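Read the structure below first, then the notes.
The values are calculated or read from the model by the stated rules, or taken from the named source; none is laboratory data. Model, not experiment: these values are computed from the prediction. All Cβ positions, even for glycine, are placed from backbone atoms using ideal geometry, and neighbour counts span all protein chains on display. Just the protein is used for accessible areas: all its heavy atoms, side chains included, with ligands, DNA and RNA removed. Shrake-Rupley method; radii C 1.70, N 1.55, O 1.52, S 1.80 Å.
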Amino acid sequence: MSRNLILGAVLSSLVLLAALMSFVWTPYDYAALDIPNKLQPPNAQHWFGTDHFGRDMFSMIMVGARTSIAVALVAVGIGMALGVPLGLTAAARKGSWLDEVIMRGNDLVFAFPSLVIAILITAVFGAGAINAIIAIGIFNIPVFARITRGAALSLWEREFILAARVSGKGAARISAEHILPNVANLLIVQGTIQFSLGILAEAGLSYVGLGAQPPTPSWGRMLADAQTMVSFAPHLALIPGLAIIVTVLGLNLLGDGLRDWLDPRIRVARA
Amino acid sequence: MLRYALKRLISLFISLVVASVVIFAVIEVAPGDPASFMLGVNAQEDTLAALRAELGLDGSKIQRYFNWVSGMLVGDFGTSYTYRTPVSQMIADRMWVSLPLALYALTLSTLIAFPAGIYAAARRGKPGDLTVMGATQLGIAVPNFWFAMMLVLIFAIKLRWFSAGGFAGWDKGVWTGLHSLTLPAIALALPQAAILARVMRSSLLDILGEDFMRTARAKGLSRRQALWRHGVRNALIPVLTIIGLQFSFLLAGSIIIEQVFYLPGLGRLVFQAISARDLIVVESVVMLLVFAVITVNFLVDLAYAGVDPRLRGRS
């Protein structure tokens, strides 16, 4: 196991733990106002300090992790749930009109500047976590469809698939029973990368006010709130920013590490 | 080559048509009637009808779609609901901020990424390579709007080298204009530079393993000479593709960065239009950005196929 994989796994699970922990325990109530103690820098009582309403930043970061992870995770889920079957279908019917339609549709979504469309969607249908999830999720679909199709195509040439066909299994069954398990590694790695991109996208959307709405804490909106106060309370901007960096860095390292670890050919080449 | 170009041109056309239909449809289902938004809740029904007719909101959906598209083809993007000025004029004004910003960021990103990528590849596996690679991992993980805030904190608030936001305008001179775009351009360029440096490195590493590199060394070139004359040149092809793709990314990415620096570019225009429910502006700016992105990608594909014939057969 590489250092990347270990560091990535440690950072990612740290954030995940904080998010899960926030369901049962936070140092303070994340929404509790405490005006007399507002804008405190990090100290023994408030590890990450307090914001302009005196809310505990540590608690807000913990609950914010929940928001980020939930949005990014569901968006990856949408991408996989729709993209993987599309990719499997396209590969099973290689060269057919169905394959053509699926792949051209993919190219089309790829060609869209995702951020602009995400902003359009959330602006028209209203800001909120659900619409942010949909906006991010749509752009995950072609990613998974393409990677699934690419890997599945080479598998369809293999002998064990031929054996399955000879034994009378249909394309759908072969896809589900033989192709899917063999592309799972690839999907896990890509899922990790899309997860980290989703965290960044969610932060961006909620920074411009189109993500999760108050009082749900989200890292992006904490940064937007901090913007006017950055000169006298820099910790308000530093801490949510570092939280995003740690999460994204962790997931990227995890993705890279998993790819190397799951692919024995690379493992040999890198050694 | 001609057949390939034609094929790509047709798919470019289809992409643009589908994009325009999608954008139109999304805006169509948007709740709220612009006319009643503009005139308020106490407006008379006949006044509303008159305004709708004036804004071109009274025809059938299909008719309105064709009016919108045919207008754009001749540069008529309609009239803003809130400002009552031609949208094309508003876009042209804002373009003078967004476009230079994207170009500036692209230049910076390239200037950072090239040396970093080449340096890392030349020192593969050594501490220098690991440092650059670590830095790029970090660069990819940093949200650019947060990095922008940190730049403001350090260089505008603490050191007072730059203003914290706003745009001085080009009429005060090119340097004044560039000066106010510097921090936004750096913020925009950093994550892109990180990606580009990684592409540069891996592309160069691929080339360094080629036989002709060994030949170059064998005929007596030093490591450095071989690297620059044969390595970097050949490694540039995939790197240039990424640069092309990044341009459209930077143009779209400037939407959020403009918010941080209060720059009067296309991005701010979109957000102002969204909050004023000035949907014709939103619709047209989004279409323009999509058009720019799709067209740039098309040109990059074409240029790439021109350089590398192997790609023409692949669709």
Within the range B:39-52, can one find any residue that is of a type in the set (A, V, I, L, M), in a loop (DSSP other than H, G, I, E, B), within 31 Å of the chain's Cα centre (by Cα) and more than 14 Å from every other protein chain (Cβ to nearest Cβ)? no
How many residues does the range B:261-305 hold that are of a type in the set (D, E, K, R), under 23 Å from B:L55 (Cβ atoms) and in contact with a Gly (Cβ under 9 Å, 6 or more places away or on another chain)? 2
Take the conditions farther than 30 Å from B:L288 by Cα and surrounded by fewer than 17 Cβ atoms within 10 Å (Cβ to Cβ) and apply them to B:R201. Does it pass? no
What's the total number of residues in the range A:16-50 that are surrounded by fewer than 18 Cβ atoms within 10 Å (Cβ to Cβ) and not in a loop (DSSP other than H, G, I, E, B)? 9
So the helices (runs of 4 or more DSSP H) completely within the range B:62-174 holding 1 or more residues that are among the hydrophobic types (A, V, I, L, M, F, W, C) and open to solvent by 50 Å² or more (accessible area, probe 1.4 Å) are B:87-122, B:127-141
Out of the residues in the range A:74-116 that are of a type in the set (A, V, I, L, M, F, W, C) and out of contact with any helix residue (DSSP H, G or I) (no Cβ under 7 Å at 6 or more places or on another chain), state the one that is surrounded by the fewest Cβ atoms within 10 Å (Cβ to Cβ). A:W97
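Given the criteria more than 13 Å from chain B (Cβ to nearest Cβ) and either within 26 Å of A:Y30 (Cβ to Cβ) or in contact (Cβ under 8 Å) with a residue 60 or more places away in the chain (or both), does A:I174 qualify? Walk me through how you get there before you give the answer.
Working: more than 13 Å from chain B (Cβ to nearest Cβ): yes; either within 26 Å of A:Y30 (Cβ to Cβ) or in contact (Cβ under 8 Å) with a residue 60 or more places away in the chain (or both): yes.
Yes.
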Among the residues of the range A:247-262, are any touching a helix residue (DSSP H, G or I) at 6+ places or on another chain (Cβ under 9 Å), away from chain B (no Cβ under 14 Å), in a helix (DSSP H, G or I) and open to solvent by less than 40 Å² (accessible area, probe 1.4 Å)? yes
Matching residues, the range A:153-181, being surrounded by 11 or more Cβ atoms within 10 Å (Cβ to Cβ), within 19 Å of A:M80 (Cβ to Cβ) and of a type outside the set (A, V, I, L, M, F, W, C): A:S175, A:E177, A:H178
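Taking the options A:L238, A:L210, name whichever one is outside any loop (DSSP other than H, G, I, E, B), of a type in the set (A, V, I, L, M, F, W, C) and either facing chain B (nearest Cβ under 8 Å) or on the phi < 0 side of the Ramachandran plot (or both). Break it down stepwise before answering.
Numbers: A:L210 fails: outside any loop (DSSP other than H, G, I, E, B).
So the residue among A:L238, A:L210 that is outside any loop (DSSP other than H, G, I, E, B), of a type in the set (A, V, I, L, M, F, W, C) and either facing chain B (nearest Cβ under 8 Å) or on the phi < 0 side of the Ramachandran plot (or both) is A:L238.
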Considering only the range A:55-65, I want to know if a residue exists there that is closer than 25 Å to A:S13 by Cβ, among the acidic types (D, E) and either out of contact with any Gly (no Cβ under 8 Å at 6 or more places or on another chain) or within 14 Å of chain B (Cβ to nearest Cβ) (or both). yes
For the range A:221-235, give me each residue that is at the interface with another protein chain (Cβ under 8 Å from one of its Cβ atoms) and touching a residue at least 12 places away in the same chain (Cβ under 8 Å). A:L223, A:A226
Residue check, B:A35 against (1) farther than 27 Å from B:V293 by Cβ; (2) under 26 Å from the mean Cα position of the chain (by Cα), all met but one. Which one? (2)
Test result for B:V41, among the β-branched types (V, I, T) and modelled with pLDDT under 80: yes
Filtering helices (runs of 4 or more DSSP H) wholly in the range B:223-315 for at least 3 residues that are within 14 Å of chain A (Cβ to nearest Cβ) and under 28 Å from B:E28 (Cα atoms) gives B:233-261, B:266-275, B:279-307
Scan (1) within 30 Å of A:G8 (Cα to Cα); (2) at the interface with chain A (Cβ under 10 Å from one of its Cβ atoms); (3) without any contact (Cβ under 8 Å) to a residue 24 or more places away in the chain for the single condition B:K126 breaks and write down its number. (2)
Out of A:A243, A:A237, A:A203, A:A212, sole residue that is of a type outside the set (V, I, T), open to solvent by less than 10 Å² (accessible area, probe 1.4 Å) and over 21 Å from A:G128 (Cβ atoms): A:A237
Within the range A:198-207, can you find the residues that are within 11 Å of chain B (Cβ to nearest Cβ), of a type outside the set (V, I, T) and under 18 Å from A:G250 (Cβ atoms)? A:L200, A:A201, A:E202, A:A203
Counting only residues in the range B:274-290 that are at pLDDT 85 or above and closer than 18 Å to B:W96 by Cβ, the one surrounded by the fewest Cβ atoms within 10 Å (Cβ to Cβ) is identified as B:L288
Of all residues in the range B:19-38, which are within 8 Å of chain A (Cβ to nearest Cβ) and open to solvent by less than 50 Å² (accessible area, probe 1.4 Å)? B:A19, B:I23, B:V26, B:I27, B:A30
If A:Q194 meets every condition in (1) under 25 Å from A:N4 (Cα atoms); (2) within 11 Å of chain B (Cβ to nearest Cβ) apart from one, which number is that one? (2)
